[in-house]
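Participant: Sending over a structure as structure tokens; questions will come in a sec.
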């Protein structure tokens, strides 16, 4: 009854015989690809890479972009931190001529750009660097020291609710870098 109303695959049994093959993109590190268990990072999913400052989060994202580009993929980089080093990206194998780059003014703009790119279905990998730098417009326009609790959390939860369906449908890998 549920399958008739919502379509094939809308409900299933975990013990069923159908195995879902997960498409992946290599991280550029054989050891990490093996450790992940599926051979890389999954397409059509949200991936969060987090860790302390200078621990290699952006390097991992750039290596994944380089691997996707080698396979003919189109990639985007939303540089909310305004800190992307083109020379370093090139050394990691990123083709800067084909990389879509945006340096948004605020969190809402960054996430709207992400939404547009994802819905277009023309991007294979989209990196957002970083979640901490996605400052809500209201916070930027407010006074220094003014407290606006929960604005960024609300912005992120709304964005993820909005983006998840499109990410799955278009098989776009979205990498959020966080610390």
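We did not get these values from a lab; they are worked out from the coordinates using the rules stated. This one's a predicted model, so the numbers in the text were calculated from it and none came from an experiment. Here the Cβ positions follow ideal geometry from the backbone for every residue, glycine too, while neighbour counts run over all protein chains shown.
Participant: Assuming R0 = 35 Å, what is the FRET efficiency of residue 153 and residue 53, from their Cβ-Cβ distance, to the nearest 0.05?
Facilitator: Working: r = 21 Å, r/R0 = 0.60.
That pair, residue 153 with residue 53, gives E of 0.95.
Participant: Tell me the relative contact order for region 80-179 as a rounded percent, counting alpha carbon contacts under 8 Å between residues six or more apart.
Facilitator: Reported relative contact order: 36 percent.
Participant: Find the relative contact order for region 36-144 and round it to a whole percent, using C-alpha pairs within less than 8 Å whose residues are 6+ positions apart.
Facilitator: On the way: 117 pairs, mean separation 32.7, N = 109.
Over region 36-144, the number comes to 30 percent.
Participant: At 7 Å along the Cα-to-beta-carbon direction for both residue 12 and residue 36, put a label point, then send me their distance in nm to one decimal.
Facilitator: With each label point 7 Å from Cα toward Cβ, the separation is 2.1 nm.
Participant: Taking the Cβ of each residue in 156, 173, 144 as the centre, tally the other Cβ atoms inside 10 Å and list the residues starting with the fewest. Intermediate values should be presented prior to the final figure.
Facilitator: Details: 156 17, 173 26, 144 4.
Fewest to most other Cβ atoms nearby, the residues stand as 144, 156, 173.
Participant: Between residue 160 and residue 102, what FRET efficiency comes out of the Förster formula 1/(1 + (r/R0)^6) with R0 = 22 Å and r the beta carbon distance, rounded to 0.05?
Facilitator: Approximately 0.75, to the nearest 0.05.
Participant: What's the ranking of 74-86, 50-62, 126-138 by average number of surrounding C-beta atoms within 10 Å, highest first?
Facilitator: 126-138, 74-86, 50-62
Participant: Pull out the extension gain between residue 178 and residue 5, defined as 0.36 nm times the separation in residues minus the alpha carbon to alpha carbon distance; nm, one decimal.
Facilitator: Gain in length upon complete extension: 58.4 nm.
Participant: Just for the chain, what percent of DSSP beta bridges are antiparallel, to the closest 5?
Facilitator: Percentage antiparallel, nearest 5: 10.
Participant: Which residues among region 36-62 fall inside the zone where the amide N is under 17 Å from a point 7 Å beyond the Cα of residue 83, along Cα→Cβ?
Facilitator: 49-62
Participant: What value does region 106-179 have for Rg/Rh, both radii from Cα atoms and Rh as Kirkwood defines it?
Facilitator: Reported Rg/Rh (Cα atoms, Kirkwood Rh): 1.02.
Participant: State the Cα centre-to-centre distance between region 103-130 and region 12-79 in whole Å.
Facilitator: 17 Å
Participant: Another question, if that's okay. Compute from the Cα atoms of the chain the Rg and the Dmax, the latter being the longest Cα-Cα distance, and quote both in angstrom.
Facilitator: For the chain, the Cα-based Rg and Dmax read 17.8, 58 Å.
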